[in-house]
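The values are calculated or read from the model by the stated rules, or taken from the named source; none is laboratory data. If you're wondering where the values come from, they're calculated on a predicted model, not measured in any experiment. Every residue, glycine among them, receives a Cβ derived from its backbone with ideal geometry; neighbour counts consider all protein chains shown.
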Amino acid sequence: MTKTQSMTKINRGDVVLVEVVFSSGVGSKIRPVLILSDTNYNKHRDEIIVAGITSNTKRLHPGDTELEKWEAAGLKVPSLATAIIQTVKKARIQKRLGQIDHLDFEKVEKNIAKAIGMTVKPKMQE
C-alpha cells in the first residue's frame, strides 16, 4: 500500500486508513479513523484530528458510536467510532475508504462531546 500524498482535499467525515502510533509510543498499526477536524483546519495544518474506529462492537464505552451505515463508509465489518481522539500527520494517510453517513456523524459528534464535557449546538435549518 502506498501513501496517498495526492489527497489534497481532506474532508470532515471522511474515513481514511492511517498509520496510528500506539498510546504507549512504541509501535504503530494501520487503522481506519474518522476525520473530525473541519476543512479550514485541515487546509492550514499538517495534522488532522481523528477519532478511532474499531470493529469490536461488543464493547461500547462512553463516547463510542455504532456506525449504522458502516458499509457506505468503506468499512469491511460492522464498526464503532470511538471517543479516542488524536492528531495524526496528513503524511500518515494511506488511503481514503469513504465518507460517513451524516446521521452517523451527528451521533458521533454528540457522543464525543458528551464524553469530553462539551455541548454541540443543534444545526440551524436553512
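Working carefully through the options Val77, Val88, Val108, Val33, find the one that is under 16 Å from Arg12 (Cβ atoms) and either of a type outside the set (Val, Ile, Thr) or without any contact (Cβ under 8 Å) to a residue 60 or more places away in the chain (or both). Criteria check complete, one pass: Val33.
Check whether at least one residue in region 71-92 is surrounded by 15 or more Cβ atoms within 10 Å (Cβ to Cβ) and of a type in the set (Lys, Arg), and report yes or no. Looking for residues that are surrounded by 15 or more Cβ atoms within 10 Å (Cβ to Cβ) and of a type in the set (Lys, Arg), one finds at least one in region 71-92, hence yes. Within region 13-26, being within 19 Å of Ser55 (Cβ to Cβ) and exposed (fewer than 15 other Cβ atoms within 10 Å of the Cβ) holds for Phe22, Ser23. Of the candidates Ser28, Ser55, the single residue that is over 13 Å from Phe105 (Cα atoms), in contact with an Asp or Glu (Cβ under 7 Å, 6 or more places away or on another chain) and either small (Gly, Ala, Ser) or at pLDDT below 95 (or both) is Ser28. Across region 29-68, the qualifying residues are those that are surrounded by 15 or more Cβ atoms within 10 Å (Cβ to Cβ) and more than 20 Å from Ala113 (Cβ to Cβ), and the one among them that is nearest to the chain's Cα centre (by Cα) is Pro32.
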